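See structure below.
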Amino acid sequence: MQTLEHLLANTLSFDIFQREAQGIKIEKAELEVMIESNKKSLEQQLRQDTQLSLEQKGKYKKLYDNMADSIKECYLEYLRIQGRLIE
């Protein structure tokens with residue numbers, strides 16, 4: 001399952017950024033799916049990591065989630081400003 005989610009996130013990432021580079025509109029839902037898939041992929045990787053403590057895993061996940069959400073909001077706002085976001 002992890003591989004499938006990771007593949008989906010990578011495929012969506014490539015597709016979204018390719019369309020954005022061409023000036024094509026992007027759907028908000030697609031961007032959200034990409035971000036959430038990446039967050040789930042990291043969570044699964046952290047579960048399997050035996051070198052980190054539970055506290056370290058929690059802190060890292062929280063920081064990653066905050067970063068991913070910030071990137072999503074910045075990118076959504078950029079697309080809104082450019083008039084290329086489909087809400």
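Table for the structure above
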read-out: Lone unmet requirement of (1) modelled with pLDDT of 90 or more; (2) under 16 Å from the mean Cα position of the chain (by Cα); (3) of a type in the set (Val, Ile, Thr) for Ile71; value: (1)
read-out: Selection from segment 53-68 of residues that are within 11 Å of the chain's Cα centre (by Cα) and aromatic (Phe, Trp, Tyr); value: Tyr64
read-out: Output for segment 41-87, where each listed residue is open to solvent by 90 Å² or more (accessible area, probe 1.4 Å) and not in a helix (DSSP H, G or I); value: Thr50, Gln51, Glu87
read-out: Of residues in segment 14-40 being open to solvent by less than 50 Å² (accessible area, probe 1.4 Å) and of a type in the set (Gly, Ala, Ser), the one nearest to Ile86 (Cα to Cα); value: Gly23
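The values are calculated or read from the model by the stated rules, or taken from the named source; none is laboratory data. Every value quoted in this text rests on a predicted model; they were computed, and no experiment measured them. Ligands, DNA and RNA are excluded from the accessible area calculation, which covers all protein heavy atoms including side chains. Shrake-Rupley method; radii C 1.70, N 1.55, O 1.52, S 1.80 Å.
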